[in-house]
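Right, one structure below, let's go through it.
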Amino acid sequence: MSKKNKYIKGGMLNGPSHAKGGIPIEVEGGEYIIKKDSVNPKTEAILKYINKNGKLPTDEYDILPTIDARKRSKK
């Protein structure tokens, strides 16, 4: 996969903060950006679920993955 298409399926970006220049990105109409402060160990699993499935869990068969906060990259 080319560098340009690295995040074609979504995922967390790693890089500098806005104060340090941020990450220049190109997005497509209809894509949604979530602010960094909204991604945390309590929300990351649901964000990954939505990105993968395009919906919120709706029944007993939609089981959210757990995220081990110790494995998250440091910001």
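The values are calculated or read from the model by the stated rules, or taken from the named source; none is laboratory data. Computed from a predicted structure; not experimentally measured. Backbone-built Cβ (ideal geometry, glycine too); neighbour counts: all protein chains shown. Accessible surface areas use protein heavy atoms only, side chains included; no ligands, DNA or RNA. Shrake-Rupley method; radii C 1.70, N 1.55, O 1.52, S 1.80 Å.
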Q. Under a 1.4 angstrom probe, counting protein chains only, how are V39, V27 ranked by accessible area, largest first?
A. V27, V39
**Q.** Net charge contributed by nearby residues that have their C-beta within less than 12 Å of G11 (K/R +1, D/E -1)
**A.** +3
(Q) Using the Kirkwood formula on the Cα atoms of the range 13-62, what hydrodynamic radius do you get, in angstrom to one decimal? (A) 13.1
Q: In nm, give the distance between the simple-model label positions of Y32 and S17, each being 7 Å from the Cα along the Cα-to-Cβ direction.
A: 2.6
